[in-house]
Amino acid sequence: MIRLIVSDIDGTMVPDSSDYIDPQYYDAVRALKEKGIFFCACSGRQFHSMQQLLQPVADDIYFITENGTLVRTKNEVLHRWSIDPADFIPLLEDIRSIEGTCAVVSYPEVTYVDSGEDSSVFRLLRDNYRYAIKNVPDLAALPHEDIQKVTIYCENCEAVCADFLKSHWSRDLKAASSGSLWIDLCPPDAGKGSALVWLQEYLGIKKEETMYFGDNMNDLPAFDAAGIAVTVENARPEVKEHADLIVGSYSDLGVLRELKRIIHS
């Protein structure tokens, strides 16, 4: 019996960077709650962005934010992981050495860049993802404590950052692709899988009672923590190989159709 359903957002429920979700999802979440099934939104997005997208049901669900570095409800932070403060400046310097990249630094309540308010990354995060975001003169001057995640932004990010991803940072931090534009760098003991396991223990729910929906490489650790791993037709081939079930793409509302099947079963 499924007692917890967890779903990624971008590429799974909605197109990447969308600020709109089909309202039928709100009805489905409410119906799941009435059936005694918890729902958790799990994303690389910050909480502010996720809350706005899911505002009508934000009081009824759990959130795993910033690629699995923070677990919370709408009103309470339940658990969090942070990057070692000593790693921040060396990490930032190495990102800056990669031509064509920008660094994005995420704290629990706000995200920072130093690329300017006219930069593509600032406009994408502010206008599409609806982030709480600020531009500062120099990211290195930010506090080194309480950093949830550092993200590399660039076109074709995995290829551009190939050498970086073979460096010691792939061992010292947890690096995961969150799409063609993003490489998320998180504390080594964090991630969507770790956050899901924490939430399961918090709710007293077993692995076999959990279903997880995802489409990208950063979802694979959560697949391992779920009894049923589900992906969408538009997912990466590597993700499809690890899924127990493939549903329709986000454009076909594949996740919604599966939720409705569960509700009426």
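The values are calculated or read from the model by the stated rules, or taken from the named source; none is laboratory data. Since the structure is predicted, the reported quantities are computational estimates derived from the model, not experimental observations. We place every Cβ from the backbone using ideal geometry, glycine too, and count neighbours over all the protein chains shown. Just the protein is used for accessible areas: all its heavy atoms, side chains included, with ligands, DNA and RNA removed. Shrake-Rupley method; radii C 1.70, N 1.55, O 1.52, S 1.80 Å.
Key figures
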| read-out | value |
| --- | --- |
| Table column - 3J(HN,Hα) (Hz), the stretch 41-53, Karplus curve with 6.51, -1.76, 1.60, x for Gly and Pro | 8, 10, 8, x, 5, 6, 4, 4, 5, 5, 4, 5, 5 |
| Cα Rg, Dmax (largest Cα-Cα span) when computed across the stretch 200-262, Å | 11.7, 34 |
| With every protein chain in place, the stretch 1-146: carbon and sulfur % of accessible area (1.4 Å) | 46 |
| Extended-chain gain in nm, criterion 0.36 nm per residue less alpha-carbon gap, Lys35 and Glu99 | 17.9 nm |
| Choice from Val77, Val247, Val29 with maximal GNM fluctuation in the chain (Cα, 10 Å cutoff) | Val77 |
| Accessible area per residue, Å², the stretch 32-157 with all protein chains present, probe 1.4 Å | 42 |
| Nearest-0.05 FRET efficiency for Glu208 and Arg236, computed from C-beta distance (R0 35 Å) | 0.85 |
| Signed unit charges on C-beta, dipole axis of the chain, positive-most listed residue Trp169, Leu32, Ala229 | Leu32 |
| Entries of Lys192/Lys240; Lys206/Lys240; Lys33/Lys260; Lys174/Lys207 with Cα pairs more than 19 Å apart | Lys206/Lys240; Lys174/Lys207 |
| The stretch 98-175: C-alpha gyration tensor shape, a/c 1.5 cut-off, then a/b vs b/c | oblate |
| Sorted peptide list for 140-146, 213-219, criterion being average Cβ within 10 angstrom, highest first | 213-219, 140-146 |
| Share of pairwise Cα separations in the chain, more than 31 Å, in percent | 20 |
| Full-extension gain in nm, Ser18 to Ser170, via 0.36 nm per residue minus C-alpha separation | 51.8 nm |
| Point-charge dipole on Cβ atoms (K/R +1, D/E -1) for the chain, about Cα centre, debye to 20 | 820 |
| Part-to-part distance (alpha-carbon centres) for the stretch 1-20 and the stretch 182-209, which is given in Å | 16 |
